[in-house]
Amino acid sequence: MSQTTASSSLPTIAFIGGGNMASAIMGGLIRQGHAAGNIEVVEPYEPTRAALLQSYGITAQAAPTAALQRAQIVVWAVKPQTFKDAAAQTRAHTQQALHLSVAAGIRSDSIAQWLGSERIVRTMPNTPALVGKGVSALYARPAVNAAERQRVEAILAGTGDVLWVDTEKQLDAVTALSGSGPAYVFYFMEAMTRAGTAMGLSAEQAHQLAVGTFVGASELARRSDEPPAVLRERVTSKGGTTYAALTSLERDAVGDAFVRAMQAAERRAQELGDEFGG
């Protein structure tokens, strides 16, 4: 995995969809010094267009126009169920572009068919991209060359780290692990906060402790050369408080349930490709 690096000469970029993930990428581009005037956006929802104008000075259009023809890269940030229709409306204006899709589950074979192009990169980012701490896995079709891969990395520079995978199927596992992963973290934060308040802490105190614990433990894991299992063992003294908590989790088979939950997410990612592709 690598930290992406900014480019001083990013090309004109178009976004089909201007929601949270698109906004995170745009924000990173603007922070790199990319001119708002070199970002084209198609976003049907008026409040989202207004938010982009207010936040970044980007004027978004409600529908595709010939202005998209100047884009060298098109970022597809639409919902899986709307991708095919959006592609049909936009295809005539984007034949010259490299395409980057952030749509969950939609396979590149379907995207290539809908857009009439083989120059496609799929990525699965996650919501910490909104604060520049995301991680994005990427898969490129064979027609995408090394220079184009670098351009994609430059686009994602402001959102966090990137990791290239060798097969497109791996993106379903990525979706289950890191794409959906922030929700798992928030789920455990909720449970820890609820437990803290039940044990006599205020909601504010429990929340601060839960969030701070995840931030600190994640940073420790990031800096350490040792696997999480070793870090966990170092916190756990036999017969101590951590041992009591982990023994309870094991007794309830929480680890196995968590693996099954991620497998359910992976299956759903595969189903999205089946439902909305083709």
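The values are calculated or read from the model by the stated rules, or taken from the named source; none is laboratory data. All values derive from a computational prediction rather than experimental measurement. Cβ atoms come from the backbone with ideal geometry, glycine included; neighbour counts cover every protein chain shown.
On the given criteria, is Leu130 modelled with pLDDT of 95 or more and more than 21 Å from Gly273 (Cβ to Cβ)?
Here the answer is no, as Leu130 does not meet what is asked.
Here are some conditions: (1) over 18 Å from the mean Cα position of the chain (by Cα); (2) surrounded by fewer than 16 Cβ atoms within 10 Å (Cβ to Cβ); (3) closer than 26 Å to Gln170 by Cα; (4) not small (Gly, Ala, Ser). Asn20 meets all but one. Which one does it not meet?
It fails just one condition, (1).
Scanning for something within 25 Å of the chain's Cα centre (by Cα), outside any helix (DSSP H, G or I) and assigned by TED's automatic domain parsing to the domain that holds Met26, does segment 219-230 turn up at least one residue?
Scanning segment 219-230, I find no residue that is within 25 Å of the chain's Cα centre (by Cα), outside any helix (DSSP H, G or I) and assigned by TED's automatic domain parsing to the domain that holds Met26, so the answer is no.
Search segment 177-200 for residues being among the small types (Gly, Ala, Ser) and surrounded by fewer than 21 Cβ atoms within 10 Å (Cβ to Cβ), and hand back the single one that is farthest from the chain's Cα centre (by Cα).
So, considering only residues that are among the small types (Gly, Ala, Ser) and surrounded by fewer than 21 Cβ atoms within 10 Å (Cβ to Cβ), the one farthest from the chain's Cα centre (by Cα) is Gly200.
Restricting attention to segment 147-165, which residues are touching a strand residue (DSSP E or B) at 6+ places or on another chain (Cβ under 8 Å) and either part of a helix (DSSP H, G or I) or farther than 21 Å from Ile30 by Cα (or both)?
Filtering segment 147-165 down to residues touching a strand residue (DSSP E or B) at 6+ places or on another chain (Cβ under 8 Å) leaves 148-149, 151-153, 155-156, 159-165.
Glu148, Arg149, Arg151, Val152, Glu153, Ile155, Thr159, Leu163, Trp164, Val165, listed by residue number.
Is it true that some residue in segment 34-54 is closer than 23 Å to Asn145 by Cβ and touching a residue at least 60 places away in the same chain (Cβ under 8 Å)?
Within segment 34-54, the subset closer than 23 Å to Asn145 by Cβ is 34, 38.
From what's left, touching a residue at least 60 places away in the same chain (Cβ under 8 Å): none.
Checking segment 34-54: not a single residue is closer than 23 Å to Asn145 by Cβ and touching a residue at least 60 places away in the same chain (Cβ under 8 Å).
Give the residues of segment 157-176 that are without any contact (Cβ under 8 Å) to a residue 60 or more places away in the chain, closer than 22 Å to Thr127 by Cα and surrounded by fewer than 16 Cβ atoms within 10 Å (Cβ to Cβ), sorted by residue number.
Within segment 157-176, Lys169, Gln170 qualify.
Could you list, in sequence order, all residues of segment 30-59 that are at positive phi and in contact with a helix residue (DSSP H, G or I) (Cβ under 7 Å, 6 or more places away or on another chain)?
Gly57 - this is the single residue of segment 30-59 that is at positive phi and in contact with a helix residue (DSSP H, G or I) (Cβ under 7 Å, 6 or more places away or on another chain).
Taking the options Leu201, Leu209, name whichever one is in the same structural domain as Ala257 (by TED's automatic domain parsing) and outside any helix (DSSP H, G or I).
Going through Leu201, Leu209 in turn, just one is in the same structural domain as Ala257 (by TED's automatic domain parsing) and outside any helix (DSSP H, G or I): Leu201.
Can you tell which of Thr247, Thr213, Thr236 is within 15 Å of Met192 (Cα to Cα) and surrounded by 10 or more Cβ atoms within 10 Å (Cβ to Cβ)?
That would be Thr213, the only listed residue that is within 15 Å of Met192 (Cα to Cα) and surrounded by 10 or more Cβ atoms within 10 Å (Cβ to Cβ).
From Ala67, Ala87, which residue is modelled with pLDDT of 95 or more, of a type in the set (A, V, I, L, M, F, W, C) and surrounded by 13 or more Cβ atoms within 10 Å (Cβ to Cβ)?
Going through Ala67, Ala87 in turn, just one is modelled with pLDDT of 95 or more, of a type in the set (A, V, I, L, M, F, W, C) and surrounded by 13 or more Cβ atoms within 10 Å (Cβ to Cβ): Ala87.
Take the conditions in the same structural domain as Ser55 (by TED's automatic domain parsing), assigned to a strand (DSSP E or B) and not hydroxyl-bearing (Ser, Thr, Tyr) and apply them to Val144. Does it pass?
Considered against the rule, which asks whether it is in the same structural domain as Ser55 (by TED's automatic domain parsing), assigned to a strand (DSSP E or B) and not hydroxyl-bearing (Ser, Thr, Tyr), Val144 comes out as no.
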